[in-house]
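Visitor: This is the structure, below, for whatever I ask next.
Just so you know, all these numbers are worked out from the coordinates, no wet-lab data involved. Since this is a predicted model, take the numbers as computed values, not measurements. Neighbour counts are summed over all protein chains in view; Cβ atoms, including those assigned to glycine, are modelled from backbone coordinates with ideal geometry.
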Amino acid sequence: MSAPAGSAPLPHRSVANIRSPPGAGHHPSGPSTPLRPIPSNFGSPSSLRADEEIIIVEFGTRKLQVGFSGDPAPRGCVWFGPDQQRRVGDFREWQTDYRYDWRRAARHGDSWGRDHELWQYDVRGVDLGLVGDKIERALSEAFTKYLLIDSRPRRMVWVLPSSLPIPLLSAALDSVFSRFQPPTVSLLSSPIALAVGAGVRSALVVDLGWSETIVTSVYEYREVAAKRSIRGGRMLVEQTHKLLAKHLPEDQGGSESKQEYVLSFEECSDITTRMVWCRPRQHSDDDQPASGSLPTVQEHDDAEQPGDSPTPGRTSTVTIPLKSWLSPTSLELPFNALSEPCEDAFFDSHYSHTSFDDHELPLPLLVYRSLLQLPVDVRALCMSRIIFTGGCSNVLGLRGRIFDEVSELVRERGWDPVQGKGVEQLRANPKLKRRGVRQTGESPMGVSSPPGDGEEQDGVWHDAANTAPEADPIEEQLQRGMDRRPRVQGELRAIESLGAWSGASLVTHLKAPAVAAIDREVWLQHGAAGAVRASDVDYKAQRQSLGAGGLMRGSAAGSAWTLGVWGAV
Amino acid sequence: MAALTPYTYIRCPCSDVSAPGRPLDGSSPMAAAADDNGAGDDDDRTFDPRAPRSNYSLYPLEYLLYCEDCHQIRCPRCVAEEIVSYYCPNCLFEVPSSNLKSEGNRCTRSCFQCPVCLGPLAVTSLETKPDPSLLAAPDNAAAPHAGPYALTCSYCHWTSAEVGIQFEKPNGIHAQLAKLRNGGATRLTAKERKERRKDPAYRTQAAAAPAPATAGGEEGGPSSSAEVLDLETQFANLKAFYQGQLADPNSADSGLAALSDLGFSSPTSLSRIMSIYTGGGWQDKKAKSRVGAMREALEPDEGLQPARLDESAAIDRLRSEGHGATASAAQLRDQPPNLGEAHLHGRARFASELRPIPYLLRTKRSKRCPVCRHIISKPEAKVQTTRFRIRLVAGSYIPSIAVRPLPLSSSSSSGSGGSASGPAVVPGALLEPLRPAHYLLTFKNPIFEPVRVTLGAPARTPGRFASKVTVLCPEFEIDANTDVWDEALKESGERDRDKDRRRRRGEEGGGQSSSNNPHHSQLEVGKIWERGRNWVSIVVEVVPASLRLAPGDPPLREDEDVLEIPMFVRVEWEGEAGGDDVGAAAGRDAAKEAREKRELAYWCVLGLGRIKQT
């Protein structure tokens, strides 16, 4: 927890650096003894608890990242996989003649790659205990291998996707509370952590995750809206598999032709991370406003698009060695074909925008729509703070492509939620337009005030321009605290975040209290059923009862606690 | 299919505790019902070794420890660990724990792993490289003083010179590497960067300097318009920014902060106490100062980093270099987080961006019983020794179970001792479905009291393919593990006789009743098969299920053809009166009763063999 030297420390917070108060005029700086951090439970045998090492765990569907708060990056990352689910002492994966029989596993229902996932959000068929076991094993591996810590109880901060279902969260908490016995676990939602990690208060977080893509709008550190699409990493890998399978010779299929998958998940996933790329927007003339470009017209003639990329060797081929096929082989692919999975998984641009269901919107449309549904001021802030994150944001060119497509959509449509033939007609037809203008012109100011609602009758109402605005104390305070510098808004801009883990590390390091902080005893007593809604918790009362830790300890069992955005049962 | 030697797994009782779900787990019975494995075993709680969860609770006997005070098995999941020492597994150098905090969890000397194959890297001089044909010993000796050095993998011949990393000195590689980017361009350490941040003169220079390095592919560096922060710098900038914001006058001395250091020697608390006595000044200040919001970061100096979305350079590189030049996912996973990189999206992708991996440190851990806090395993603190000061392995407290096939039908089995067996039972032979097979379970008692063992096994194994199991003698007693000296004195003769007896019995196949072993080779229910000084063998009869799949059934899972028997073992014994026993039993009888009855019960899983697939 010791802050690295030199970073301007808070005199009153990071007591370790108390000797160098930076510009603290209000600090009665006298001769002072350097302090040790005070354990938060007075009088109890605090030696059992590790001093101030807060462990930050970021849960993803496929991996787990752990580290200490205050570090810029996680110390270790554990991926889930079938090898992790073996019995202890089962060393068969190290045997030379052993190969994980993924075909067999794959034919068990839906599990091509499922054993590489920690959980599925569809909890109907999930063995929650198994999820807990997986988490426990992964965490203990991470603790032993990367953090090198003993099993004294330590406080934990979890970074979780905010759409995590309560049963999964509950299973995770159960398992961790019973095995690792942290005194508290605080929950942070990853979009917020990302926003913190980018240094902004509002953001549009585009999480190109494994199971789905989630676009979350964060406004003033609050998640105000989220939209999702199933177009995520899993789909990308499946598309990659489809592409590879298409190019494989088929004759050997014979007996196994009914088999859905011909390559192992590991291999496809590997190839996806290595080779799959995303072609840039097609008629991007250096961001000049293209005249009559419709995004739906993007022709999907792959590989031979001449103006596609300005590279000389565009017909180059790539050789990909495949090991998990029936016999090891190597596959020659045109390089451009390797952008197809990305195209199919995230854009599907050869379908019209209206043909998608809500759960499978292509990503540009998803981003556009989530911006569209935001209130104007929120949108203005969010659109200039787009944060791409998630595993698929590492696909080369994907971020740029999404960004370009979104700006194209914005340029083309503006922020008009209504679109379609009727609107086009309205725009095109001057007669209709005039009427529309007149209609809107009749009610000049108020959006909601119906015209002719007796403004003349009521003198007080009428003279709205002259009345002194009511003093809003909160607004005033906000204004006073606000920096006068102009904020970037209204233009599309992507910014880079340190990542959710690092954001959480910052949050924790700065000792900001988490909304959802779960005390171990309370959890073991009540479980998730004890949580109340976030709005029902009296933070003020809790804050008063804080100990030294910034992350609050819901001290008594009587006080209400919440799971925050994760809801209540 | 690989041959399968019979095995035994023990399920630590600690897994039972957490098994009943929380109130919320209303869905878990449903989940269990949906799982076709768990169809029948819900009520009687037969342990199902095939359930995916059981993989997490089963351990070989060798992994288990034993708490002498709680008389309970302790598995790796249910021990409390304490770290004795940290060390590098490569140089076996002990690392003080203070270094761990400051310098991370990796060896900071010259121990590196190959990023390609994970082999150990050695520092070699590059000078000798150009003329390997003329390698002569004197040259070799002289060369290291000269030229630059590189890390070389002796296994896959990767060398750090490939990625443009060369060192001036052969030692202190870690520190040198921290200053080098791939490609040889220098990289600032955290301290230098901090200084540079303060110095505006450097900034223009810095903007130019990373460009050639990033051209290596990280971000495809065009001349950077804005400063590209690396991860560490951005983090530091952000941290400084946030701290500055929080320390702004309008948020200083918030109630939280004032409460948060209640250290009695701290000046703030002194002033707080003073202000309590002098009146409400403190309160007012606090109330006033609660106001105010932080603004957001606006510049790179404050940690804001505009994204650079143009990745065409990297795509072009991918196009020209192809699959072979990229790093595999496994290789990337092993890479340590490189704080000097541009940002997360610039994470290494090409093989030329892989960096040598400093060895992860390891720990020696002592283990305590979580209940009574007694130490149950404590290694020597010295890194080089592999000995333990205390190590209470479960194998010396609970009966071990050895499984071997029993050749009943053939009368010509000659070598019955050890794991070798008669011609009828080839080790690892497949079990014929629906044909009874017999296995000999040998329970060996490691403790110095006679123990009473009760076995329970479901008549049909859980899972899709239910084999029939009959434990012919589910209750028996095993004699004490008598003193070593007794054994030494009296055994040699008797042992031979015992062996003779056994062999003879095997050969003759007829009944041979002795006072000790009142049984016949003809299996008798309720009789033990054979008995020795501290061991007892019993027979289990199994009728393997047929693995025929109905059409439409999902195919066999991995290892689903292995015949595994869950067996509940209950061991009872009477502890001796305090402390007059020898050896390991000394500490056990802290209680002062003359004889104390103890029991231990656990599930175990016997893997007998693979069933032949028809």
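Visitor: If you count, for every residue in A:126-135, the Cβ atoms of partner chains within 10 Å of its Cβ, what is the mean?
Guide: For peptide A:126-135, the averaged partner shielding equals 6.
Visitor: Take the Cβ-Cβ distance between A:ASP122 and A:ARG222 as r, set R0 to 35 Å, and report the resulting FRET efficiency rounded to the nearest 0.05.
Guide: 0.80
Visitor: Give the average, rounded to an integer, of partner chain Cβ atoms located within 10 angstrom of each Cβ in A:77-90.
Guide: 4
Visitor: Here's another thing I want to ask about it. Which order, highest average first, do A:160-169, B:597-606 follow once you tally other Cβ atoms within 10 Å for each residue and take the mean per peptide?
Guide: Per-residue Cβ counts within 10 Å, averaged per peptide and sorted highest first, yield A:160-169, B:597-606.
Visitor: With each label point set 7 Å from Cα along the Cα-Cβ vector, what nm distance links A:ILE230 and B:SER396?
Guide: 5.8
Visitor: Now for a separate question. Other chains' Cβ within 10 Å of B:63-74 residues: what's the mean?
Guide: For peptide B:63-74, the averaged partner shielding equals 0.
Visitor: Run the simple label-point estimate for A:LEU426 and A:ASP472 please: 7 Å along Cα→C-beta, distance reported in nm.
Guide: Placing both labels 7 Å beyond Cα along the Cβ direction yields 2.9 nm.
Visitor: Estimate the FRET efficiency between A:LEU326 and B:ALA459 by the formula 1/(1 + (r/R0)^6), using the beta-carbon distance for r and 56 Å for R0, to the nearest 0.05.
Guide: Taking R0 as 56 Å, the efficiency between A:LEU326 and B:ALA459 is 0.85.
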